[in-house]
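J.: One structure is given below, represented as structure tokens, and several questions about it will come after.
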Amino acid sequence: MTEEQLEDIFKTAGPIQSTKLMFDKVTGKSKGFAFIQYYDSKSASSAIRNLDNHKVGNLRLKVNYSSGSFQSSNNDTSSGNDDENSGKDAGAIPDIVNAVSSLTAQYKVELLAELKQMIINKPENASLLLSSNPQLSYAVVQSLFELGLVDAKFLVVSGDNFGCGSSREHAPWALADFGIRSIIAPSFGDIFYNNSLKNGLLPIRISAQEINEKLIPLSEKAIPFCIDLEKQQIVSESNEVIIDHFDIDPFRKHCLINGLDDIGITLQKENEISVYEKKRHSVHSFLESGTKKLGKMVVHPAYTDLNTASKDW
């Protein structure tokens, strides 16, 4: 497969900045993988969701984030723009995952035990440590999951403004990596809330009183409950209603239920788009500065007299 063929596939997720197919320096043979760099992280995220396991001939694509080596190998420079730097941020998470996975189970248990003692004895210091080192927070959560100490799919938070400061898409991505499907809180940071909905994570707003009275007791006793997105309710395993209603935008609800993002929705109209493009090129080719015979008539590009006075328009 050539780089051009790869671009034809991956450009369906968004504009591509660069493509690099990797070859063995000695044999000159393809290594079987490539780096695709997008202009923004949203397009990269969409490519992973929509093109991972995509069938090409007799093969299926495996699409995931890179560790950032492609960027450094291409000597990219940064102007300080968030979108330009987003690819570098994306590489941090895989690095943390690899680092934590390399630790022994005993070492992870000891680290968690020390952190627990700090939280009990010096909660302010622990809070400062975790808030100033988000990678450490990520590593702690990953360790809990790898040790089988946490298997929840929902996070219940009684504090306000969850996700404030987590304005990048990596925040919901990180939660999704751990299998978290939904977060329940009294309120959310606006950017985090919208990013979550666009990336398959369900944020549910419920009053602090209801959370403390109805959900926290269940969480403390490890009693499972379910989220019925179709009915917009939270119910017990026996289908007893715990929270009779929560609000969600109807369009986002439709997207979550059907596993759609913005690109996925557009691709549902792929046939109609192709028909429209063919018709447009056939009938209105002059828009591309060409000419097209329509029967006996030849349509030419229209030119504007730059000397036309403003009053003549």
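Coordinate-derived values only; no laboratory data. Given the structure is predicted, the values throughout are model-derived calculations rather than measurements. Every residue, glycine among them, receives a Cβ derived from its backbone with ideal geometry; neighbour counts consider all protein chains shown.
J.: Sorted from fewest to most neighbouring beta carbons within 10 Å, what does the list Ile120, Ile206, Ile265 look like?
T.: Ile120, Ile265, Ile206
J.: Same structure again: Given H placed on each backbone N at 1.01 Å, which residues far from Gln17 in sequence or on other chains put an amide H within less than 5 Å of it?
T.: So Gln17 has HN proximity to Gln37, Tyr38, Tyr39.
J.: Charges only on Cβ, +1 for Lys and Arg, -1 for Asp and Glu: so what's the dipole of segment 171-242 about the Cα centre, in debye to the nearest 20?
T.: 160
J.: Just list whichever of Lys20/Lys279; Lys42/Lys269; Lys116/Lys231; Lys108/Lys231; Lys55/Lys278; Lys29/Lys279 have alpha carbons separated by over 31 Å in the model shown.
T.: Pairs exceeding 31 Å: Lys20/Lys279; Lys116/Lys231; Lys108/Lys231; Lys29/Lys279.
J.: What is the dipole size for segment 92-218, taken about its Cα centre, with +1 at each Lys and Arg Cβ and -1 at each Asp and Glu Cβ, in debye to the nearest 20?
T.: 160
J.: Give the long-range amide H neighbours of Asn161: residues separated by 5 or more places, or on another chain, with amide H under 5 Å away, using H modelled in the peptide plane at 1.01 Å from N.
T.: Those lying under 5 Å, H to H, from Asn161 are Ser187, Phe188.
J.: Please state the equivalent ellipsoid semi-axes for segment 99-247: what are the square roots of 5 times the Cα gyration tensor eigenvalues, largest first, in whole Å?
T.: 27, 18, 16
J.: Principal axis lengths of segment 13-52 from Cα atoms, whole Å, largest first?
T.: 36, 19, 10
J.: What's the ranking of 230-242, 45-57 by average number of surrounding C-beta atoms within 10 Å, highest first?
T.: 45-57, 230-242
J.: Counting Lys +1, Arg +1, Asp -1, Glu -1, what net charge surrounds Ile257 among other residues with beta carbon under 15 Å of its beta carbon?
T.: Result for the neighbourhood of Ile257: +1.
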